[in-house]
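Asks: The structure is given below, and queries will be raised subsequently.
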Amino acid sequence: MSLSTQDVEKVARLARLAMTGEEIETARAQLNGIFDLIAEMQAVDTSGVEPMSHSQDLSQRLREDRVTESDQRDAFQRIAPQVEAGLYLVPKVIE
């Protein structure tokens, strides 16, 4: 796939980008290079390759899911400016 100058101008207009003629030509060359690389990668035969989620087949060491801190809600609410029925009261910001 190859982009024309008009294609790049249209994309720039849709993206609300103001581009000079030189910038459009630079972007066109870079985008065409990207499309060429994609076409080259799609040409590789991967029929016998199993999909992977990561390049290295490693397993994550996970920690045990357990509570490590005590409940400090009462201590935090004691130092709060305003609390009512266990809820923090904050000033109204939208009228």
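The values are calculated or read from the model by the stated rules, or taken from the named source; none is laboratory data. All values reported here derive from a predicted model rather than from experimental measurement. For neighbour counting, all protein chains shown are included, and Cβ atoms are generated from backbone atoms with ideal geometry for every residue, glycine included.
Asks: Which residue pairs have Cβ atoms closer than 9 Å, lie 6 or more positions apart in sequence or on different chains, and pair a first residue in the range 74-88 that is without any contact (Cβ under 8 Å) to a residue 24 or more places away in the chain with a second residue that is surrounded by fewer than 10 Cβ atoms within 10 Å (Cβ to Cβ) and in a helix (DSSP H, G or I)?
Replies: Short answer, once both residue conditions are applied: G86/R73.
Asks: Looking for something within 34 Å of the chain's Cα centre (by Cα), of a type outside the set (F, W, Y), modelled with pLDDT of 90 or more and loosely packed, with under 10 Cβ neighbours inside 10 Å - is there at least one such residue anywhere in the range 83-90?
Replies: Within the range 83-90, one or more residues are within 34 Å of the chain's Cα centre (by Cα), of a type outside the set (F, W, Y), modelled with pLDDT of 90 or more and loosely packed, with under 10 Cβ neighbours inside 10 Å.
Asks: Still on this structure, please answer the following. Return yes when D71 is of a type in the set (D, E) and surrounded by 11 or more Cβ atoms within 10 Å (Cβ to Cβ) and no when it is not. Walk me through it before giving the result.
Replies: Working: of a type in the set (D, E): yes; surrounded by 11 or more Cβ atoms within 10 Å (Cβ to Cβ): no.
Criteria not met by D71.
Asks: Can you name the residue in the range 34-67 that is outside any loop (DSSP other than H, G, I, E, B) and among the acidic types (D, E) and, of all such residues, is surrounded by the most Cβ atoms within 10 Å (Cβ to Cβ)?
Replies: If we filter the range 34-67 for residues that are outside any loop (DSSP other than H, G, I, E, B), which is where we start, we get 34-42.
Then drop every residue that is not among the acidic types (D, E), which leaves 36, 40.
On the way: D36: 12, E40: 9.
So the residue we want is D36.
Asks: Please go through (1) at pLDDT 95 or above; (2) outside any helix (DSSP H, G or I) for E23 and return the number of the only condition it doesn't satisfy.
Replies: Every condition holds for E23 apart from (2).
Asks: Could you grab the pairs with beta carbons closer than 8 Å, sequence gap of 6+ or different chains, first residue in the range 13-26 and surrounded by 10 or more Cβ atoms within 10 Å (Cβ to Cβ), second one among the small types (G, A, S) and assigned to a helix (DSSP H, G or I)?
Replies: M19/A12; M19/A27; I24/A12
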